[in-house]
1. Given the conditions (1) in a loop (DSSP other than H, G, I, E, B); (2) outside the structural domain of A:Ala181 (by TED's automatic domain parsing), and given that A:Phe81 satisfies all but one, which numbered condition is not satisfied?
2. Consider region A:309-347. How many of its residues are over 30 Å from A:Arg173 (Cα atoms) and more than 14 Å from chain B (Cβ to nearest Cβ)?
3. Just for region A:172-222: of the residues that are without any contact (Cβ under 8 Å) to a residue 40 or more places away in the chain and of a type in the set (Val, Ile, Thr), which one is farthest from the other protein chains (Cβ to nearest Cβ)?
4. Looking at region A:163-192, which of its residues are charged (D, E, K, R) and modelled with pLDDT under 95?
5. A:Tyr280 is checked against (1) in a helix (DSSP H, G or I); (2) modelled with pLDDT of 95 or more and fails just one. What number does that condition carry?
6. Out of everything in region A:155-171 that is free of Cβ contacts under 8 Å to residues at least 40 places away in the same chain and outside any helix (DSSP H, G or I), what residue ends up being surrounded by the fewest Cβ atoms within 10 Å (Cβ to Cβ)?
7. Inside region A:233-280, can you point out the residues that are free of Cβ contacts under 8 Å to residues at least 60 places away in the same chain, buried (at least 19 other Cβ atoms within 10 Å of the Cβ), more than 14 Å from chain B (Cβ to nearest Cβ) and at positive phi?
8. From A:Ser68, A:Ser48, which residue is hydroxyl-bearing (Ser, Thr, Tyr), in the same structural domain as A:Tyr148 (by TED's automatic domain parsing) and more than 18 Å from A:Val145 (Cβ to Cβ)?
Amino acid sequence: MDGSSDWASTLLVLLILTSLFLNFTDIPQKMQLWRWASFIRKRLYQLSEIENESRRRAIAYLSKLGVSNPREFMENFLDNFFVIEPVSKEPTDIIRRLKHLLRVRNAAVKAYVSERLGNIELWKRNNTEVLLEIVSVIRLINKIVRHYFQLGLKYSNWVLVMQLALEMPQILRLVRSYNDAIDAFLKGTPVGDGVGPLVARHFIGNAKPEEVAEETDLYITEFEGRKLYVIKARGPGATVGWPGEAVEKVVERLGGKVARIITVDAALRLESEETGEVAYGVGAAIGDPGPEKIAIERTATKYSIPLEAVVVKMSDAEALNTMTKKIYEGVQRAVEIVKKIIREKVREGESVILVGIGNTVGIL
Amino acid sequence: MQLDPLILGLLAVFVVLMIYTLLSFFTTRKQPAIPPKILTKIACISGNYSEVREFREGDYVGKEVGKCPKCGAPLLIVAVYSEIVRQGGKEASARS
């Protein structure tokens, strides 16, 4: 037997032993767990860095607004103001209960911010609220990720750790987009989610606003012989208003004599779709937790008013950040589609309601 | 000395794995992202003049920013958007 055959035999034995070792022990899983955990730790460090950065920026902004102890003001906000969802086992009145809880929470946040900021412009107060919400979301994501990571390590649950590791790039991308969104809200530039209010703005012209619901305005104008009731949140501060309640009130005021209700909103695009693509269909284009959407649907159903929906597609990151040119081009296409719907489906002399759904930051 | 085919095979696998590792290391380096520019589009309400300039603090859609140099009608901000402007490419400001 020559030297190379000895080597081959040794290698063969080693391969068989390694194979047994890998197949009949838990060591490979432990090794994987160690690898995934190390991968997650690096990303957790980045996540913490992003959270710290968002806090620093929020504190700097609050100091600029004249808040005496901005750190304490922010910390008190971050872990509080949660909402406990209403009981769903008994669905009667669930929407009313949810609406009530959301209003109470909204009022509490506004009171907390107003108390510390004093008499400042509405748009600055609104932007501060959104800024605090963003830092709060970043903190929450960080805490949830850490929770599952520690849980996975505690019980050596390598499946949980592996799942988390695979999700980490997506989670980091989302958190980065939240962090970048702070810039948009600090500067007061329109965000991707503002496509609805921006489309509505195109139809307003010189009409004067009339408050129909909290932070939600109605503009009465005309479009080619049709009476146009435009509803949008009050800008240019960061708010989404209460469009459902506004639609309900306007339709009731008109005694249900409305030819069409058109809602325009941003929609999450699929990976195969392009940003700025515009699509239209039937229904209420609004992504709220429920009460506003159901208010539009119930009002439309009560008076048999057809509901038209126009959406501009974008990713979640694009919806949160300064509107891109592609999205703006989508807005221009959406305006043309709304005009086409009105021309083709609303007769001259009839009334139509146009609702611009979304955050109106940077849009009057 | 003549090498065993098994040894040769293992060496080949080792070399391929090394090349793959090195390639993946060099190809995953990202190019630095170009920060987008925020632009403000201003237009005359009569529709015969428009201008795109860099965003200034306090700009918002619907804000009146002066009079039209062509007809004297109010000039309004009609859009604020971000765009990646490459060096030597498009100008950040344009008039029409």
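The values are calculated or read from the model by the stated rules, or taken from the named source; none is laboratory data. For clarity, every value in this text was computed on a predicted model and none was experimentally measured. Please note: Cβ atoms are built from the backbone with ideal geometry, for glycine as well, and neighbour counts cover all protein chains shown.
1. All conditions are met except number (2).
2. 12
3. Per the criteria, the residue is A:Val212.
4. Just the residues of region A:163-192 that are charged (D, E, K, R), to begin with: A:167, A:173, A:176, A:180, A:183, A:187.
A:Arg173, A:Arg176, A:Asp180, A:Asp183, A:Lys187 - these are the residues of region A:163-192 that are charged (D, E, K, R) and modelled with pLDDT under 95.
5. Only one criterion in (1) in a helix (DSSP H, G or I); (2) modelled with pLDDT of 95 or more is unmet by A:Tyr280, namely (1).
6. Filtering first and then ranking leaves A:Tyr155.
7. none
8. Values: A:Ser48 fails: more than 18 Å from A:Val145 (Cβ to Cβ).
Every option except A:Ser68 fails the conditions.
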